[in-house]
Each structure stands twice: as C-alpha cells, then as structure tokens.
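Asker: First the structure, which I've put down as structure tokens, then a few questions once you've had a look.
The values are calculated or read from the model by the stated rules, or taken from the named source; none is laboratory data. Just so it is clear, the structure is predicted and the values come from calculations on it, not from any experiment. Methodologically, a virtual Cβ is constructed for each residue, glycine included, from the backbone with ideal geometry; neighbour enumeration extends over all protein chains shown. Accessible surface areas use protein heavy atoms only, side chains included; no ligands, DNA or RNA. Shrake-Rupley method; radii C 1.70, N 1.55, O 1.52, S 1.80 Å.
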Amino acid sequence: MLMLIKKGGSSPRRQSKVAFTEMQGMDVIMNLKSKDLLGLRDISAEEIQYILDTAKTMKYIVTSNNKKTAHLQGKSIITLFYENSTRTRLSFELASKYMGASAANISASSSSVSKGETLLDTGKTIDMMGSDIIIMRHPMSGAPHLLAKNVRSSVINAGDGMNEHPTQALLDMFTILDKKGTIKGLKVSIVGDILHSRVARSNIWGLTKLGAEVSVSGPATLIPRDIEMLGVKVYSTVQEAILDADVVIGLRIQLERQKKGLFPTIREYSRFFGIDDKRLKLAREDAVVLHPGPVNRGVELSSSVIDGEQSYINEQVTNGVAVRMALLYLLTRRGSNNEIVD
Amino acid sequence: MKLLIKNGQIIDGKAGIEKISDILIDDGIIAEIEEDIDSSGCEIIEAKGMYVVPGLVDAHCHLRAPGFEYKEDIESGTRSAAKGGFTSIACMPNTNPVLDNEAMIMYILNKAKTDGIVNVYPIGAVSKGLKGEELSEIGELKFAGAVALSDDGRPVNNSSLMKKAMQYASMFDITIISHCEDLELVDEGLMNEGYYSSILGLKGNPAPAEEVMIARDLILAEYTRASVHIAHVSTELGVDLIRNAKRRGVNVTAETCPHYFSLTDKACEGFNTNAKVNPPLRTEKDVAAIIEGLKDGTIDIISTDHAPHHFDEKNVEFKLAANGMVGFETAFPLAVTNLVKPGHLTVEELVKKMCLNPSKMLGLNKGTIEAGKVADILIFDINEQYTVDISTFESKSKNSPFNGFKLYGQPQYTIVGGNPIVREKVLL
C-alpha cells in the first residue's frame with residue numbers, strides 16, 4: 001500500500017493507489033515505502049513518478065538565485081564513498097547543503113577503512129553519530145543492501161559494483177521527461193558496456209517500469225547473459241539499436257575492460273559502437289542524447305554529438321542535483337509527523 | 001549390552017531387502033535380523049512406522065580442523081553429522097596445515113578417536129600444500145589411513161600433474177576426488193552466470209568453467225584407467241559428460257549435493273551470502289538434469305560438502321563472503337523431501353547413494369545392514385514434517401540457506417557401533 005497524506009496534515013486521509021493516480025497534481029503527499037533507496041528494481045512506478053514530480057520543484061530551487069531552503073534543516077547526511085567520484089558525490093553534497101542539512105564526507109582512502117575496518121563496522125559507527133542518511137558508493141554489488149539491513153539511517157545507493165546507480169537513472173528519466181513530456185512508449189537505446197554498467201541496469205528497471213521500450217547494444221562480450229529476460233531487446237549492431245530511437249544513452253567504456261580482453265582495441269570499439277553525427281541520423285530527428293559521464297570524447301560519442309543540439313549531457317548534471325534533493329527530502333520525511341503508516 | 005530395534009521397515013542397503021522386522025545388536029555388532037526377536041535383557045527402540053536403514057556415509061565434508069576451529073572442529077563436526085544421520089564421514093584436506101602427509105592423517109585419526117562421535121576418515125591432498133605443483137606422498141598417505149585423495153576447494157590446474165597423480169594413485173588403489181573448476185573461465189565469478197547474475201550485477205561463473213574441467217578429468221581417467229570421482233556435479237552438461245564416460249567404461253563415479261537438486265541461483269536474490277557456494281547454484285534446467293542423473297545412476301553418490309563458515313565470514317559484501325554451506329543436518333531430509341517424496345528415487349535407491357556407494361568409493365566396509373557387521377544405523381520417519389531451525393544445529397556454524405524450510409525425514413535415531421547417540425531426535 002502506498003502511504004498518502006493530505007498536504008498540511010490537518011486532516012490526514014487514507015487514499016488508495018488508484019485514487020492517487022487520479023489525483024496527480026493535487027495536494028497529495030506520498031511517502032516512499034522503504035527507508036532506503038537501493039535500486040529502481042525495488043521501487044514502484046508510482047514512487048519513481050513521485051520522486052520525479054518532486055524534483056521539478058527542486059529544479060526551480062537549483063536554478064534560482066537563492067539556493068537555500070530549510071527542507072533538511074537539522075538532518076545529518078553522510079557520503080561514504082569507497083570509489084572515486086566527482087559528479088555524483090558533489091551533486092549529493094550540494095543537494096544536501098542547498099536544503100540546509102549538515103553534510104560530511106568519508107572517503108575510503110582517508111579513513112579507518114584503510115586500516116581494515118569492515119563496511120558494517122564503519123557503517124554502524126556513522127549511524128551511532130546520528131546520521132539520518134548515508135549515501136554510499138561501493139565497488140561491490142549488494143554492499144548498500146548489506147549496510148541498509150544493519151543501520152537505522154536511510155541508505156542511498158550511489159552506485160554499487162555492476163548492480164545499480166538509481167539516482168543516475170532517475171536524473172536520466174527526469175531529463176527525458178523534461179524533453180519528451182512522457183516516458184511511456186518511447187524507444188530508448190542504451191549503447192556500450194552493458195555488462196559492467198550499473199547505470200544501464202537502473203535505467204532498464206526504471207524506464208521499463210514507466211513504459212519505455214528499451215534496447216541495448218554493445219560488443220557481445222559486454223552484454224549480460226539472459227538480459228533479454230528483462231524485456232529489453234538486444235542488438236548486435238549500433239545501427240539497428242538506434243534506428244528510430246527517441247533517446248540514445250551512451251555509456252562510458254572503461255579502458256581496463258580492453259586490457260581484460262573483452263574487446264580488441266578502443267579504436268575497434270569506436271568504429272563499431274561509437275556514435276557520430278551520421279549514425280545519430282538513424283535515430284528520430286528529435287532524439288535526445290544522454291551520457292552519465294565522464295565521456296571519452298571520440299570513443300562512445302563523437303565531440304560533435306557531445307556538443308551538438310541533441311545532447312543534454314550538461315543539463316543532466318543540473319537535473320542530477322534536483323533529483324537528489326527530491327530524494328533526500330522524501331526519505332527524511334519518512335517517520336515524521338506527516339506520515340501515516342497503514 | 002543388547003539393543004533391539006523392533007518392527008522397523010528395514011532396508012539393508014545392499015540386497016534390496018525391504019521388510020518389517022527386528023534387529024538385534026549385541027556388543028556393537030548386528031547379531032540377528034528376524035521377526036519377533038525375544039526382547040529379554042535388551043534395551044528396546046520401537047521403530048514401528050519408521051524406516052531402519054544403514055547409517056549414512058558422507059564422502060565429502062569439511063571439518064575445518066586443524067587451523068579453522070572457529071568454524072568447526074572434530075567434536076562439533078561429528079556431532080552435527082550424527083544429528084543428521086551420518087555415522088561415517090570423510091573429511092577434506094584443505095585444513096591448516098594441509099592433510100598432505102602421514103603425520104597429519106594420523107593427527108585426524110587420533111583426534112577423531114578422542115573427540116569424534118562418528119567414524120572419521122581423512123582424505124589426503126593430491127598435491128603438497130594443495131598448490132598443484134608437486135604430488136604429495138600418496139603412498140604414505142594411503143598407508144596412514146587416507147581413504148581418497150583430493151585438492152578439493154581448488155582444481156589441480158596443471159593437466160600434466162593431474163595425469164601423473166592419476167597414474168601414481170592407481171598403483172595404490174586409491175581414488176582421486178576431483179574438484180572440477182577451470183579458474184580462468186571462473187574469472188572471479190561469484191554466482192552462476194545467467195539471468196540472476198545479470199540482474200544482481202554479480203560477476204558470473206559460467207557452467208563451462210565446471211564442465212571443461214569435468215571433461216578433462218574424464219579424458220585423463222579414461223587414458224590412465226585410474227579410479228576418479230567427480231565431486232559436487234552441478235550442471236546439465238556435466239551430468240551428460242559423465243554419463244557418456246560411463247558408457248565408454250571409464251572407471252568414474254560422481255556425486256552431487258543436496259543444494260544442487262534443491263535450489264537454483266534464484267536463492268542468491270537479495271545478495272544472500274548463505275546461497276554462495278562453489279560450484280554455484282545453477283538453473284532449473286540443471287536441477288532437472290541432476291535429478292535425471294540421480295535416477296539413471298549417472299550420479300552414484302549424494303555428499304553433503306558440509307562447509308561451515310563463521311557468521312562474520314558470511315555477514316559481509318557478497319563478493320567477500322566465503323563459499324559454502326553447512327550440510328550435515330539438512331542433507332538427508334532434503335533428499336527425502338526433494339527426491340523420494342516426488343517419486344524420483346525410492347528410499348532404497350536413496351539409501352544406496354548415501355550409504356553403500358560412498359562407502360565403496362572410499363573403500364570402507366560400511367553402508368549396509370547385515371548380520372555380523374558393525375551396527376551403524378539410521379532410523380527415520382518419512383511422514384513427519386519438521387521445520388529447519390538453524391539455531392538448533394550442532395555445527396558451530398549456521399550458514400545454511402535452508403532455515404525455515406519444511407522437510408521430511410529428520411533422523412530419529414542415529415546408532416554408531418551399536419550405541420544410539422541420537423534418540424528421538426535428541427543428540428546425547
């Protein structure tokens with residue numbers, strides 16, 4: 001059951017799921033079901049939609065002159081990163097600060113992690129200092145799930161191994177919605193190293209939940225086995241994959257994959273799967289190009305595509321802050337007086 | 001002391017005799033199997049409505065001693081075995097130090113005498129230190145009491161060394177138990193490569209990693225005419241390769257474990273580290289093939305691969321979690337529930353795979369109920385259902401994916417050398 005209350009909270013009302021859909025746009029507050037956001041696999045289409053709706057308001061704040069609100073005043077938000085990151089970490093940190101939270105960072109390299117402390121011991125230590133949300137990036141799939149089970153704080157997955165990177169997919173979906181007005185029925189083509197991509201997995205879960213038709217393509221060694229069982233189409237050529245697409249998402253190709261023998265050279269990768277202006281013409285005229293960054297210019301996407309009119313890679317970054325503000329706000333509101341648990 | 005088991009449904013495990021009868025045990029030896037034996041002066045076990053079968057023989061377990069006593073030791077391991085109906089168990093040599101020399105084999109045998117409550121038979125290492133580089137002193141291992149050879153936990157990666165090991169072991173009439181795994185193909189895979197590894201984002205360990213090595217060892221076994229036993233078979237093609245080798249007359253036996261016919265890789269959902277095991281849990285298609293292999297006799301033996309690990313070694317990231325699950329206390333009920341109850345195997349067929357066949361492979365004089373033999377006996381009720389509760393396990397470790405499962409066939413009595421150490425499901 002969704003948990004719904006009327007804004008203002010004076011006379012809370014219980015609403016059914018159906019009633020909520022009908023009441024879109026009305027003054028209804030919905031709470032997320034789980035204390036954590038571990039992946040888009042675990043949340044409903046309605047919850048995704050609600051986060052994206054909330055992010056619209058947040059984008060207004062991010063793009064305004066005075067970027068300060070009190071939504072997270074008195075909340076303590078920690079980023080715990082076991083992998084390097086520029087944009088995701090900064091995006092979360094700014095999202096926290098714009099809304100008045102106390103934010104702090106822990107990096108694996110400069111902490112007791114380097115002294116051999118286990119994830120759970122580190123997590124419990126942070127938890128006991130009064131954190132409300134722990135935002136974690138970790139090289140191993142499932143690490144945030146383990147942490148979430150063992151701490152009182154909400155846990156947000158900022159990328160775990162090859163599993164999920166839900167906030168990246170949310171900001172991709174926010175950008176698509178912004179440009180296309182809907183996600184339902186759109187043809188979305190994800191191109192590149194699908195096997196190792198947590199962005200691809202989160203996008204597949206989220207986009208298919210909202211009714212998009214998702215396809216993937218990339219070198220056969222980088223396509224996860226039985227991935228078509230998720231309801232995505234698999235293409236062995238990029239031309240077939242992006243034909244008539246409404247959205248093209250390029251993924252970062254990691255150099256170390258080549259060293260492990262998964263494809264012969266970056267050059268050959270680019271020749272068969274790189275997207276340039278000519279290939280992009282196969283997609284619909286109004287197709288949108290996205291990339292989670294950082295981009296290898298001239299490899300996944302040509303510079304002219306990256307900097308071209310159909311690219312919204314820079315706008316994605318702004319949207320990322322808005323989506324993360326929405327998520328932080330919705331998660332901290334759980335358990336407050338505004339909540340009805342049924 | 002005389003013990004009389006009355007009115008049980010006896011399966012002798014050998015001749016296919018199945019009858020309701022009494023068994024008289026005198027001084028640890030089976031004295032008589034007859035109807036209406038005079039009970040005067042006997043302690044009586046009433047086994048009406050229950051099966052009386054040979055005590056189970058496990059050809060593959062890890063007792064963790066010496067070196068890893070925080071996971072298990074001979075005392076806790078044999079108590080766990082007894083609770084599960086096992087009266088004889090063969091333990092793998094991947095301890096610290098490794099069981100790769102005479103002194104270590106004697107250590108296990110001596111320790112088993114003082115601390116163990118079931119019969120313990122050590123398996124010696126194929127290679128010194130399990131390093132896969134040089135053969136261990138196979139002759140001395142055999143004469144010290146090793147019942148088989150294995151580098152279990154690791155493959156013998158070097159094909160030439162495996163060939164030499166087979167040739168050399170044949171001379172001493174001792175079986176090599178092969179842990180089949182091509183490490184390059186495993187490539188740090190954490191669970192079966194397939195739909196579930198794809199959606200969980202966990203690196204896949206493909207079925208061919210096991211199958212390629214099974215094929216290699218079958219080829220080497222055929223060439224050397226050595227006695228080879230394929231451990232923990234988990235895949236469809238693996239079963240088929242073994243079936244084909246048997247047709248060609250290769251001197252090979254094979255085992256599977258209860259988890260390979262009871263669970264699929266779906267059990268890893270939620271990053272459940274208790275379902276992390278090597279070889280990994282496979283697909284429904286593989287489970288069906290394993291059951292088919294058990295039915296047609298391709299798979300001779302059901303072993304536990306009892307692999308205890310401390311809670312802290314499982315309560316970590318999936319990638320860091322240890323491989324393996326405890327097995328003694330669920331193996332037989334899982335086999336009864338998933339093989340006998342649906343009609344895949346008869347009780348008699350199951351008993352052969354868990355008593356006489358492992359006993360033969362290891363060269364033991366166990367696994368049957370016969371007058372004149374040592375009284376190692378299991379009594380169970382096939383109709384009583386119970387719920388698995390890991391907190392009641394005798395093992396020091398509780399790493400089982402079967403907690404909460406409803407199963408049939410829980411051992412009621414385990415009798416070792418005429419001594420009923422489990423009575424009415426309670427271990428003394």
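Asker: Cα to Cα, under 20 Å, and not fewer than 8 places away if on the same chain: which aspartates and glutamates meet these conditions relative to B:LYS111?
Answerer: Within the straight-line limit of under 20 Å, B:LYS111 reaches these aspartates and glutamates: B:ASP58, B:GLU69, B:GLU72, B:ASP73, B:GLU75, B:ASP100, B:GLU102, B:GLU140, B:GLU394.
Asker: Give, as a single signed number, the net charge of other residues whose beta carbon lies under 9 Å from the beta carbon of A:THR79, with Lys and Arg counted +1 and Asp and Glu -1. The partial results should precede the final answer.
Answerer: Working: positive: A:ARG89, A:ARG137; negative: A:GLU93.
With Lys, Arg at +1 and Asp, Glu at -1, the neighbours total +1.
Asker: What is the percent carbon and sulfur in the accessible area of the protein assembly as shown, measuring with a 1.4 Å probe over the protein chains and ignoring ligands?
Answerer: Details: 14810 of 30260 Å².
Answer for the protein assembly as shown is 49 percent, counting heavy atoms of protein chains only.
Asker: Here is a follow-up. Taking the Cβ of B:PHE311 as the center, what net charge do the other residues with Cβ under 11 Å away carry, scoring Lys and Arg +1 and Asp and Glu -1?
Answerer: Numbers: positive: B:LYS71, B:LYS314, B:LYS396, B:LYS398; negative: B:ASP312, B:GLU313.
Around B:PHE311, the charge tally is +2.
Asker: Still on this model: In sequence order, what are the phi-derived ³J(HN,Hα) couplings for the stretch A:181-192 according to the Karplus relation 6.51 cos²θ - 1.76 cosθ + 1.60 with θ = phi - 60°, rounded to whole Hz, with x for glycine and proline?
Answerer: Whole-Hz 3J(HN,Hα) from phi for the stretch A:181-192: x, 7, 10, 4, x, 6, 9, 10, 10, 9, 10, x.
Asker: Let me ask another. Below 8 Å between Cα atoms, with a sequence gap of 6+, how large is the relative contact order for the stretch B:181-226 in percent? Please report the intermediate quantities before stating the final value.
Answerer: Numbers: 52 pairs, mean separation 17.8, N = 46.
Result for the stretch B:181-226 is 39 percent.
Asker: Once you wrap a convex hull around the alpha carbon atoms of the stretch B:93-177, what is its projected area averaged over all directions, in nm²?
Answerer: Working: hull surface 20.4 nm².
For the stretch B:93-177, averaging the hull's shadow over all directions gives 5.1 nm².
Asker: May I ask you to evaluate 6.51 cos²θ - 1.76 cosθ + 1.60, the Karplus curve with θ = phi - 60°, for each residue of the stretch B:418-423 and list the ³J(HN,Hα) values in order in whole Hz, giving x for glycine and proline?
Answerer: Karplus-based 3J(HN,Hα) across the stretch B:418-423 equals x, 9, x, 7, 10, 10 Hz.
Asker: Let me ask something else about it. Just to make sure I understand: if all protein chains stay in place, what is the order of B:LYS113, A:LYS59, B:LYS295, B:LYS142 by accessible area at 1.4 Å, largest first?
Answerer: Numbers: B:LYS113 165, A:LYS59 40, B:LYS295 95, B:LYS142 65 Å².
Largest accessible area first, the list is B:LYS113, B:LYS295, B:LYS142, A:LYS59.
Asker: Could you sort A:HIS138, A:HIS71 by their accessible area in this structure, using a 1.4 Å probe and putting the largest first? Spell out each step's value before the answer.
Answerer: Values: A:HIS138 5, A:HIS71 80 Å².
Largest accessible area first, the list is A:HIS71, A:HIS138.
Asker: B:LYS128: net charge of surrounding residues, Cβ under 9 Å, Lys/Arg +1, Asp/Glu -1, itself excluded? Display every interim value, and only then the final one.
Answerer: Working: positive: B:LYS131; negative: B:ASP100, B:GLU133, B:GLU134, B:GLU137.
Summing Lys and Arg as +1 and Asp and Glu as -1 gives -3.
Asker: Still on this model: Enumerate the lysines that B:LYS398 could reach by cross-link, defined here as Cα to Cα under 21 Å, with residues fewer than 8 away along the same chain left out.
Answerer: A:LYS149, B:LYS71, B:LYS83, B:LYS266, B:LYS276, B:LYS314, B:LYS319, B:LYS406, B:LYS425
Asker: Over the Cα atoms of the stretch B:55-362, what Rg and Dmax result, in angstrom?
Answerer: 17.8, 51
Asker: Can you spot the aspartates and glutamates whose alpha carbon is less than 17 Å from A:LYS59's alpha carbon? Ignore those fewer than 8 places along the same chain.
Answerer: List returned: A:GLU93, A:ASP172, A:ASP178, A:GLU315.
Asker: Hey, another quick one. Tell me the mean residue ellipticity at 222 nm calculated for chain B from its helices only (DSSP H runs of n ≥ 4, each -39500 (n - 2.57), averaged over every residue, nearest 500). Present the calculation step by step, with values, prior to reporting the outcome.
Answerer: On the way: 14 runs with 128 residues, N = 428.
Roughly -8500 deg cm²/dmol at 222 nm, from the helical runs in chain B.
Asker: Let me ask you something else. Dividing the Cα convex hull volume of the stretch A:166-316 by residue count, how many Å³ per residue is that? Kindly include the intermediate steps, with their values, before the conclusion.
Answerer: On the way: hull volume 14.2 nm³, N = 151.
It is 94 Å³ per residue.
Asker: Taking the convex hull of the alpha carbon atoms in chain A, what volume per residue do you get, in Å³? Write down the numbers at each step before the final one.
Answerer: On the way: hull volume 48.3 nm³, N = 342.
Normalising the Cα hull of chain A by residue number yields 141 Å³.
Asker: Averaged across the residues of B:305-315, what count of C-beta atoms belonging to other chains lies within 10 Å of each residue's C-beta?
Answerer: The shielding value for this peptide is 1.
Asker: For the pairing of chain B with chain A, what total accessible surface becomes buried, with a 1.4 angstrom probe, in square angstrom to the nearest 100?
Answerer: Answer for the B-A pair: about 1700 Å² buried.
Asker: How large is the translational diffusion coefficient of the protein assembly as shown in µm² per second when you combine the Kirkwood radius over alpha carbon pairs with Stokes-Einstein at 4 °C and 1.567 mPa s?
Answerer: Values: Rh = 29.0 Å.
Calculated translational D: 45 µm²/s.
Asker: A further question follows. At a cut-off of 30 Å², which residues of the stretch A:125-141 become less accessible once all protein chains are present than in their chain alone, using a 1.4 Å probe?
Answerer: Listed in order, they are A:MET140, A:SER141.
Asker: In chain B, what % of DSSP beta bridges are antiparallel (nearest 5)? Walk me through the numbers on the way to the answer.
Answerer: Numbers: 31 of 61 bridges.
Taking every DSSP beta bridge with both residues in chain B, the antiparallel ones total about 50 percent.
Asker: Could you pull the accessible area for A:MET162 with a 1.4 Å probe, rounded to 10 Å²?
Answerer: 30 Å²
Asker: Can you list the residues in the stretch A:144-170 whose accessible area drops by at least 30 Å² when all protein chains are present, compared with the chain alone? Use a 1.4 Å probe, heavy atoms only.
Answerer: Those are A:LEU146, A:MET162, A:ASN163, which lose 30 Å² or more relative to the chain on its own.
Asker: Span-like helices, chain B: DSSP H, alpha-carbon axial extent 18 Å or more, mean Kyte-Doolittle -1.0 or greater, which ones? Before the final figure, lay out each step's value.
Answerer: On the way: long enough: B:102-115 (19 Å, -0.01); B:159-171 (19 Å, -0.15); B:207-224 (26 Å, 0.43).
Length and hydropathy pass: B:102-115, B:159-171, B:207-224.
Asker: Sequence-distant or interchain residues sharing an amide H contact under 5 Å with B:HIS60, placed H: which?
Answerer: Here B:ALA90, B:THR304, B:ASP305 satisfy the definition.
Asker: Additional query: Skipping prolines and chain starts, which residues have an amide H placed within reach, meaning under 5 Å, of the one on A:VAL234, given they are 5 or more residues away or on another chain?
Answerer: Under 5 Å from the amide H of A:VAL234 lie the amide H atoms of A:VAL216, each far enough along the sequence or on another chain.
Asker: In sequence order, what are the phi-derived ³J(HN,Hα) couplings for the stretch A:284-300 according to the Karplus relation 6.51 cos²θ - 1.76 cosθ + 1.60 with θ = phi - 60°, rounded to whole Hz, with x for glycine and proline?
Answerer: 5, 4, 9, 5, 9, 10, 10, 7, x, x, x, 8, 8, 4, x, 10, 6
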